[in-house]
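A short write-up of the structure that comes next.
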């Protein structure tokens, strides 16, 4: 059954690649690549936020951001039912909050990067618009936040492996193929899929906004 549309899947894997390149370029001192990758990540994040409101049903925040009660209920169901727990087509209530947390910390990372300076050679495009105290604070945030990103990515991977081993549910395959296997005898309504043209327009507007931001500074 179709669950993840092409825009969500492209966003996911492009973000994985971009975060990896951003980390490597930062470690190697390839700052031009590091900045360009940061702008690309910001574009992806702007797209995903917009798509979370107007995209396919399973991509919308309203579909997977539930209250704490729903998250605890899902956890209780996993503990009591294991592999027999009722399948969730999109993000489950726990996974939904992990997605939101990752988007938030990545937004903090790229946002602080716009104001980062090493006081020698490298300045973010918006450094001139902030005071020295703010630049120093955001430079520290930018340096430290990536450790939190790495920790959250590690948790994300552990959860994926745990679902596979304990529940027999492969969470990676649907993000590659867009389709998820639903056990026989269980009826699940397929999520509404949005078109590619709105996704392309949103992506273009997100890219244009980032280019305007970093060139007009």
Modelled FRET efficiency - R0 30 Å, residue 162 with residue 14, Cβ distances, 0.05 increments: 0.70
Which of 36, 19 has the fewest Cβ neighbours within 10 Å, and the rest in rising order: 36, 19
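Write down Rg/Rh for segment 103-175, rounded to two decimals, with Rg from the C-alpha atoms and Rh from the Kirkwood relation over Cα pairs.
1.23
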GNM flexibility winner over the chain from 23, 97, 51 (Cα, springs under 10 Å): 23
Expected-Rg normalisation [2.2 N^0.38 Å, Cα atoms] applied to segment 6-215: 1.14
For segment 6-215: relative contact order, % (alpha-carbon pairs under 8 angstrom, 6 or more apart): 26
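What 222 nm value per residue comes from the helices of the chain, counting each DSSP H run with n ≥ 4 as -39,500 (n - 2.57) and dividing by all residues, nearest 500 deg cm²/dmol? Can you show the working numbers first?
Details: 8 runs with 143 residues, N = 217.
Mean residue ellipticity at 222 nm (helix-derived): -22500 deg cm²/dmol.
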Length released on extending from residue 137 to residue 201, taking residue separation times 0.36 nm less the Cα-Cα span: 19.5 nm
Residue among 207, 199, 17 with the largest mean-square fluctuation in a Gaussian network model of the chain, springs linking Cα atoms under 10 Å: 17
Acute angle (nearest 10 degrees) that the helix 6-28 long axis makes with the longest principal axis of the chain, alpha-carbon atoms: 40
Choice from 91, 129, 156 showing the highest fluctuation, given a GNM over the chain with Cα pairs closer than 10 Å: 129
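Coordinate-derived values only; no laboratory data. Since the structure is predicted, the reported quantities are computational estimates derived from the model, not experimental observations. Because the Cβ atoms are built from the backbone with ideal geometry, glycine has one as well, and the counts that use them run over all protein chains shown.
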